[in-house]
Every structure is written in structure tokens, then in C-alpha cells.
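In what follows, a structure is listed as C-alpha cells, so that the remarks can point back to it.
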Amino acid sequence: MNPTEIYLQKKIGLDEFLTKLRPEDYLSTSIAAGQPRTLLAKLSELKNLKSLRLFTGLLAFPYPCLTDPRIAAISGYFGPIERMLNEGGFNISYQPLPFNGFEKWLESFPPRVVMTTLSPMDAEGCLTFGVDAEAAYIPFLKAARDPERLAIAEVNARMPVVRGLPELGDNKIRVDELSALVESDQSLLEVPEAEATEVEKKIAENVVKLLRSGDTLQFGIGAIPDQVARYLAQSELGDFGVHSELVSNGFLTLMESGKISNLRKGLHEGKTLFAFALGSQRLYDFLDERNGNNQGRVLAAPVSYVNDPAVIARHRNMVSVNSGFMVDFSGQVCSEAIGERQYSGVGGQLNFVSGAFFSPGGRSVLCIKSTVTHEGKRYSNVVHAFPPGSIVSTPRHYAQYIVTEYGSVNLFGLTDEERPAALIQIAHPDFREELMAKAKHRDKLFYQSRLSREIPK
């Protein structure tokens, strides 16, 4: 049969999709813009369901099925939807995993049914994973090639066609490998360009001071990286490379301003590599090979490769720019939880912090607002010690540049005794005196260095 005949043979309706599921089943799905929204929405119509275990992350929509007590959702990364469901007492829990560990988890606990979104089929009978290779690509292929499991695709006309590295499968699958497919025309999850506050603009200014032409960049998502990109687009700096688990609106700003050449990366030169994209429709349109803008310059690859610290470290002048909530005097950073309450996830922060640490000329940058206001009271985010139960995202031995709106400090090379005084310099001025007193007391108790000699006996 030719590819079109095979495609029609694999195509099913939504009601038939439900018949593929068992009364007790285990299912996984891709994250964010790669989630098969039509299929997930249909799960609320399951009639004979006893229990369903669903592994996912960064939910794109509050699917009605997630309020069904028979469905136990496990998320590897909390976003706004997960937080809302968790606070509402619904059956969703967080699975602590680095982003590049999703594939290992799914291999260790393989779901019977794996679902993702694919772009429309080409003339050769191949469909790409579009903007969402991440941990969708390899687990989906493994399920497709296992006769005991199902790989069900939602073929979305709006999913961009995005190429990958040929040696890693080119971000595509043949139609004959699919267990079944359902067609849709769903808009992708969009995140609009974020408008920065004055504090965030100042942090972004301080980040730009640490960058050099020819750096290989990794940005997170949100107002600060978007603002950094705006400043870079207006600066004299350029010739940047990009190797990032995520590309978002800031990346598009840099591409459109001609700041990205990828010619000085040292690995995959001439190409941007990413694991997933999440941003505006303009970003998705740019990535889509059907529109003629990308032309193979921006490629999607599995997160196990993109986020491999050894791969990251092979890039020259690798600079990771991410955010945190708090930093303590030792230099360790909380980025994913507020106390013991899960807010986001491990993600790829430590992958890139450690990879940049070992990159020739590399450095990591962690952005932290100097204060937070809770219930009308302001608190310092530079602290002498974290509250009990706090979850550490980046350990002190990998921390390099910490940036607030008051400046930046490089912790690399500073001893335990030296770090508190350096961090206090970038704390909010209203808290510096209090923090210095705590630093001196800490020093007197544990180190007896010059810092504590002014403390009266």
C-alpha cells in the first residue's frame, strides 16, 4: 500500500479511540504544545473505566477528565493547571524528575498507551513531532514498535513541520508505525510575549552585562529571558549560538534581529537545537518548514540528548540563563518549590547549570528577585538559611553567577566564608544590615574568619 492508503487505514474516530482503552489502563502523553488536546478531552467520556494512570507534565488545558477520581494524574512538571488541580484537592501528584529523566522513567514504568501530537504526513509517509520532541519522541517510537503497546497520534493540521538531526531520527515517524491516528485542527498552546516589570528589566540589564558575542545561549521562559532578548537585539553583541531545552518568544526576537548565527558553538554549528517550543503563534509559524522561514536552521531533538550535561559542555562559551526563588549564604538555590509546596519542577535547570559549568568559557546565570511580598509583608530572597523543608534545585557547588536587580556576583571560586558577604551586596538594601549580622554570627560559630572578628564577645 502507498502512504495515503496506510494513513486512511490507521485513521479512526474519537469514539473508536475510546474502545482502544481498557477499564484499567496506564497512559502517557506529551507536554505543553505537544499535548493531544482532542484525545485528552475525549477521556472524560470513558464509560466503563475503573482506573487510569496518566503520566504527563505542563498541562495545556484543564481537561475535564482530570477531575474524575478514577483518573490518577502524575506530572513531571507543574504548571498553572497542575497547581490549580492540586490546590483543589484533585487526584494529581508531582513526580520529582529532571527533564532528561522523563524518558528513563517511562522506560522503567512503560505505559501501555502513549499519545502525542504529530504534524501532517508528507509525500514520503512521514510525520514529524513538530515543536515537541522532548520526552515524547523516543517513548512514542518504543511503544509503536512494541506489539503489546499502543502508539496513538493526534495528527493536527496546525502542528508545525519541524526537522531534527538525521542521526537522531530526524524528529519523525513513518505512518505505518502508528497504532492509530485521529485528525484534529486544534490551536496550539500559546504563551504571549511577557511584559517585564521594572525589577525584571533591571535584572535583565545585569544579565546582559555578563554576555559576550559568540556565546552559546540557553534561556528559560518568561519576562526576564524575553527582556534579555530585547536588550540583546538592540545591543552591539551578536553571533550567538543557541542550544536550549526550550525556545520561546525571546528566541524569535534574536532570530529576527539577526543575532543568532550558530557559527561559533563548537557543536552542531549552523543549527539551533531545542527539545520543545512554547510561545506565540508567530514562533510556531517561524519554526514551521511549510512556511519557508526555518529552512532547517532550527531543529528539534529528544530531551535526553539536548539536556545531556556532557553534550551541553561540548559547546563553547555555553551560558545558561534561568530563574530561582531564593539563594542562601552557601550559594544553593531554590527554583521549583516554595517551602515544601511544589510550584514548577526540576526541569532542565541543573542539566544546563552543570553543563555550562564544564563548558570551555561557559557560565551559568541564575536570576532572583531580591524580595518577595507575602500577605502584605516583604521578605528577602537572599537568606542566611532556607526554611526547614525547602527543596534545593541547584546545589552550591555548581552555582556561578547570581543576579538580582542590584547586581551580580560570581560565586565560583569563593569559599563558604566569602560567599555571604558577596551575596549581601546584591540583596535589597533594606535587608543588608540584618543579613550581615546573621553572616557574622554564622561565621563566628563555624569559621572564625575575618568577617566575624567585629562581633563583640
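The values are calculated or read from the model by the stated rules, or taken from the named source; none is laboratory data. Note that the coordinates shown come from a computational prediction; the quantities given were computed from them, not determined experimentally. A quick note on method: Cβ atoms are made from the backbone with ideal geometry, for glycine too, and the neighbour counts reach across all protein chains shown.
Return a yes/no flag: does the stretch 214-231 have any residue that is modelled with pLDDT of 95 or more, over 22 Å from the mean Cα position of the chain (by Cα) and among the polar types (S, T, N, Q).
no
State whether the residues of the stretch 341-361 include one that is at pLDDT 95 or above, surrounded by 16 or more Cβ atoms within 10 Å (Cβ to Cβ), closer than 23 Å to K438 by Cα and of a type in the set (F, W, Y).
No, the conditions are met nowhere in the stretch 341-361.
Among the residues of the stretch 425-445, is any crowded, with 20+ Cβ neighbours inside 10 Å, closer than 12 Å to G331 by Cβ and touching a residue at least 12 places away in the same chain (Cβ under 8 Å)?
Let us first name the residues in the stretch 425-445 that are crowded, with 20+ Cβ neighbours inside 10 Å, namely 426-427, 435, 439, 443.
Then keep just the ones that are closer than 12 Å to G331 by Cβ; that gives none.
Looking through the stretch 425-445, none of the residues is crowded, with 20+ Cβ neighbours inside 10 Å, closer than 12 Å to G331 by Cβ and touching a residue at least 12 places away in the same chain (Cβ under 8 Å).
Write out, first by first residue and then by second, each pair whose Cβ atoms fall under 8 Å of each other, whose residues are 6+ apart or on separate chains, and whose first residue, in the stretch 3-26, is within 13 Å of L178 (Cα to Cα) while the second is of a type in the set (S, T, N, Q) and surrounded by 15 or more Cβ atoms within 10 Å (Cβ to Cβ).
Between residues of the stretch 3-26 that are within 13 Å of L178 (Cα to Cα) and residues that are of a type in the set (S, T, N, Q) and surrounded by 15 or more Cβ atoms within 10 Å (Cβ to Cβ), the close pairs are K10/S179.
Tally the residues that are among the small types (G, A, S) and in contact with a Ser or Thr (Cβ under 7 Å, 6 or more places away or on another chain), restricting the search to the stretch 152-172.
Residues flagged as among the small types (G, A, S) and in contact with a Ser or Thr (Cβ under 7 Å, 6 or more places away or on another chain) within the stretch 152-172 amount to 1.
Condition check: assigned by TED's automatic domain parsing to the domain that holds G331, surrounded by 16 or more Cβ atoms within 10 Å (Cβ to Cβ) and either under 24 Å from the mean Cα position of the chain (by Cα) or free of Cβ contacts under 8 Å to residues at least 24 places away in the same chain (or both). Does V409 satisfy that?
So V409 fits the description; yes.
Being more than 25 Å from the chain's Cα centre (by Cα), farther than 25 Å from A223 by Cα and modelled with pLDDT of 95 or more narrows it down to one of L423, L435, L445, so name that one. Even if it seems obvious, please write down each step before you answer.
Details: L423 fails: farther than 25 Å from A223 by Cα; L445 fails: modelled with pLDDT of 95 or more.
None of the others qualify; the one that does is L435.
Can S364 be described as in the same structural domain as T272 (by TED's automatic domain parsing), within 17 Å of the chain's Cα centre (by Cα) and surrounded by fewer than 24 Cβ atoms within 10 Å (Cβ to Cβ)? Reasoning before the result, please.
Details: in the same structural domain as T272 (by TED's automatic domain parsing): yes; within 17 Å of the chain's Cα centre (by Cα): yes; surrounded by fewer than 24 Cβ atoms within 10 Å (Cβ to Cβ): no.
Against the criterion (in the same structural domain as T272 (by TED's automatic domain parsing), within 17 Å of the chain's Cα centre (by Cα) and surrounded by fewer than 24 Cβ atoms within 10 Å (Cβ to Cβ)), S364 does not qualify.
I'd like the residue in the stretch 138-148 that is of a type outside the set (A, V, I, L, M) and buried (at least 17 other Cβ atoms within 10 Å of the Cβ) and, out of all such residues, is farthest from G101 (Cα to Cα).
Of all residues in the stretch 138-148, those of a type outside the set (A, V, I, L, M) come to 139-140, 142, 145-148.
Next cut, buried (at least 17 other Cβ atoms within 10 Å of the Cβ) only: 139-140.
On the way: P139: 12, F140: 15 Å.
Across the stretch 138-148, the extreme among qualifying residues is F140.
Among the residues that make up the stretch 279-288, is at least one of them buried (at least 17 other Cβ atoms within 10 Å of the Cβ), in contact with a strand residue (DSSP E or B) (Cβ under 8 Å, 6 or more places away or on another chain), in the same structural domain as G348 (by TED's automatic domain parsing) and assigned to a strand (DSSP E or B)?
no
Filter the stretch 234-259 for residues that are more than 23 Å from the chain's Cα centre (by Cα) and either buried (at least 23 other Cβ atoms within 10 Å of the Cβ) or of a type outside the set (S, T, Y) (or both) and give the result.
Hits for the stretch 234-259 are Q234, E236, L237, G238, D239, G258.
Inside the stretch 67-84, can you point out the residues that are outside any strand (DSSP E or B) and surrounded by fewer than 21 Cβ atoms within 10 Å (Cβ to Cβ)? Show your work before the answer.
As a first pass, look at the stretch 67-84 and keep what is outside any strand (DSSP E or B): 67-70, 76-84.
Listed by number, the residues that qualify are T67, D68, P69, R70, G79, P80, I81, R83, M84.
In the stretch 106-131, which residue that is among the charged types (D, E, K, R) and under 14 Å from R163 (Cβ atoms) is surrounded by the most Cβ atoms within 10 Å (Cβ to Cβ)? Steps first, please.
As a first pass, look at the stretch 106-131 and keep what is among the charged types (D, E, K, R): 107, 112, 122, 124.
Retained after the next criterion (residues that are under 14 Å from R163 (Cβ atoms)): 122, 124.
Details: D122: 15, E124: 9.
Residue satisfying both the conditions and the ranking: D122.
Filter the stretch 208-230 down to residues that are surrounded by fewer than 24 Cβ atoms within 10 Å (Cβ to Cβ), touching a strand residue (DSSP E or B) at 6+ places or on another chain (Cβ under 8 Å), over 13 Å from F251 (Cβ atoms) and among the hydrophobic types (A, V, I, L, M, F, W, C), then give me how many there are.
2
Which residues, counting only those in the stretch 303-354, are in a helix (DSSP H, G or I) and either small (G, A, S) or touching a Gly at 6+ places or on another chain (Cβ under 7 Å) (or both)?
S304, P309, A310, I312, A313, S354
Just to check your reading of the model, which residue among A33, A73, A60 is free of Cβ contacts under 8 Å to residues at least 40 places away in the same chain, within 22 Å of V303 (Cα to Cα) and touching a helix residue (DSSP H, G or I) at 6+ places or on another chain (Cβ under 8 Å)?
Criteria check complete, one pass: A73.
From the residues in the stretch 17-66 that are part of a helix (DSSP H, G or I) and of a type in the set (V, I, T), which one is farthest from the chain's Cα centre (by Cα)?
At the first step, the residues of the stretch 17-66 found to be part of a helix (DSSP H, G or I) are 17-19, 32-34, 37-45, 64-66.
Keeping just the survivors that are of a type in the set (V, I, T) gives 19, 38.
On the way: T19: 34, T38: 23 Å.
Applying the filter and picking the extreme gives T19.
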